[in-house]
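Participant: So that we are looking at the same thing, I have put the structure below in structure tokens.
Only the coordinates and a few stated rules stand behind these numbers; no lab work does. Model, not experiment: these values are computed from the prediction. Counting neighbours? That spans all protein chains shown, and the Cβs are built from the backbone with ideal geometry, glycine included.
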Amino acid sequence: MQSRIRRRYAAERRFRLAGLAAVWLSAGFLAFLLSSMLWQGASGFVETRVALPIDFAAAALPIEPARLTSRGADLALASAGLEGAVDSAATRAFGKDGEGLLSDGAWVTVRDALKADPGLLSRKTVIAVPVASPVDMAAKGDGPPEAEAVVARLKARGVLTRGLSMTFLTTADSTDATRVGIWGAFKGSLLTMIVTLLLAFPIGVLSALYLEEYAPKNRWTDLIEVSINNLAAVPSIIFGLLGLAVFLGTFHMPRSGAIVGGLTLALMTMPVIVIAGRNAIKAVPPSIPSAAS
């Protein structure tokens, strides 16, 4: 008997150690995954820039400095040919390939500098602008050989710098890889969640309260309960097709991700909220409602 007890205790210790080892191994893999994501994603917050000398006086942009402080400054600078002036300055500074050296959004950086200091229109200055995506990747050690050669030449001239950039967090979709950000997707997701919460939570909680406390027990309530349970098990793709067919196809609602997406997610999550709410109400001891009444 004693030997059997010792063997059982030994088996329990081995099982406990195996469980702890599995937990620590899983935690190690998770830590490795997160650290790898952070290490590789950190480069997205580092931007490579090149010092671009540009003579606004020689460019003679047809725009008054006073307009740079008005609401239409962006459109006025675009109409005045600022992008072409930036490309010309890049060609003069870095040769015939200078235009391809800069990011498509380089002129936006110059535009913002002019808006911040309209006095630049009358003099020559040097502005650090973002480089094209291949050059940026080469500066980070992962670019094509020809781009690495360009980076080496720019470093030798001392015009290449790297610094922290919040562009990834403050911009939306873009055809320029150096201007891509998550702000548009984040804002749309946040608005969709707000619409979903405002619709699904109060309706789901009130429905659960009614079905559990006030609804009569008959065939109709049984049918409603079965329908709710079935809806909770429907795949999300079906709700997506339902939203496409009903909200867009039938009601012709505007193609807004926040509104239509929020309505669709509300339909999908409402059965789950009703079921969870009813289970929570059932878990309340009868003595508490009795004492409250």
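Participant: Taking neighbour counts of Cβ atoms within 10 Å as a proxy for exposure, in what order, fewest first, do GLU12, GLU83 appear?
Facilitator: Sorted ascending by nearby Cβ count, the order is GLU12, GLU83.
Participant: Of GLY141, ALA80, PHE94, whose Cα points farthest to the positive end of the dipole of segment 1-144 (charges on the beta-carbon: +1 Lys, Arg; -1 Asp, Glu; origin at the Cα centre)?
Facilitator: About the Cα centre, the residue reaching furthest to the positive side is GLY141.
Participant: Going by how many other beta carbons lie within 10 Å of each one, how would you line up VAL272, VAL23, fewest first?
Facilitator: Ordered by Cβ neighbours within 10 Å, fewest first: VAL23, VAL272.
Participant: Here's something else I'd like to know. What ratio of Cα Rg to 2.2 N^0.38 Å holds for the chain?
Facilitator: So the Cα radius of gyration is 1.63 times the expected 2.2 N^0.38 Å.
Participant: Taking only the alpha-carbon positions of segment 166-273 and ignoring solvent, what does the Debye formula give for the base-10 log of I(q)/I(0) at q = 0.14, 0.17, 0.21 Å⁻¹?
Facilitator: For segment 166-273, the Cα-only Debye profile gives -0.70, -0.90, -1.10.
Participant: With unit charges on the beta carbons (Lys and Arg positive, Asp and Glu negative) and the dipole taken about the Cα centre of segment 184-284, which residue among GLY261, THR196, ILE228 sits farthest to the positive side?
Facilitator: It is GLY261, whose Cα lies furthest towards the positive end.
Participant: May I ask you to work out the translational diffusion coefficient for segment 1-81 at 25 °C, viscosity 0.890 mPa s, via Stokes-Einstein with Rh from the Kirkwood sum over Cα pairs, reported in whole µm²/s?
Facilitator: 123 µm²/s
Participant: If you average over every viewing direction, what projected area does the convex hull of the Cα atoms of segment 1-151 give, in nm²?
Facilitator: Projected area, direction-averaged: 14.9 nm².
Participant: Something else now. Have a look at VAL110, VAL129, VAL234 and tell me which one the Gaussian network model of the chain (Cα, springs below 10 Å) gives the largest fluctuation.
Facilitator: Evaluated over the chain, the most mobile residue of the options is VAL234.
Participant: Here's something else I'd like to know. Please list 3J(HN,Hα) in residue order for segment 8-15, calculated via the Karplus relation 6.51 cos²θ - 1.76 cosθ + 1.60 where θ = phi - 60°; whole Hz, with x for glycine and proline.
Facilitator: Rounded to whole hertz, the list is 5, 4, 5, 5, 5, 5, 5, 5.
Participant: Something else: So how strong a dipole does segment 13-124 carry about its Cα centre when Lys and Arg Cβ are +1 and Asp and Glu Cβ are -1, to the nearest 20 debye?
Facilitator: Roughly 820 debye for segment 13-124.
Participant: Quick one: Karplus J couplings for segment 117-134, per residue in order, coefficients 6.51, -1.76, 1.60, θ = phi - 60°, nearest Hz, x for Gly and Pro?
Facilitator: In residue order, the calculated couplings are 9, x, x, 5, 4, 10, 8, 9, 8, 10, 10, 7, 10, x, 8, 5, 4, x Hz.
Participant: Taking the Cα centre of segment 184-284 as origin, sum charge times position over the Cβ atoms of Lys and Arg (+1) and Asp and Glu (-1), and report the length of that vector in debye to the nearest 20.
Facilitator: Approximately 160 debye in magnitude.
Participant: Give, rounded to the nearest 20 debye, the magnitude of the charge dipole that the chain has about its Cα centre when Lys and Arg contribute +1 at Cβ and Asp and Glu contribute -1 at Cβ.
Facilitator: That gives a dipole near 1520 debye.
Participant: Of ALA10, THR250, PRO118, which is farthest on the positive side of the dipole of the chain, counting Cα position, with +1 on Lys and Arg Cβ, -1 on Asp and Glu Cβ, and the Cα centre as origin?
Facilitator: ALA10
Participant: Let me ask another. Amide H neighbours of LEU102 under 5 Å, counting only residues 5+ apart in sequence or on other chains, H built in-plane at 1.01 Å?
Facilitator: It is ALA132, by chain and number.
Participant: On a straight-distance basis, which aspartates and glutamates could pair with LYS282 in a cross-link, Cα separation under 20 angstrom, same-chain partners fewer than 8 positions away excluded?
Facilitator: Straight-line reach from LYS282, under 20 Å: GLU212, GLU213, ASP222, GLU225.
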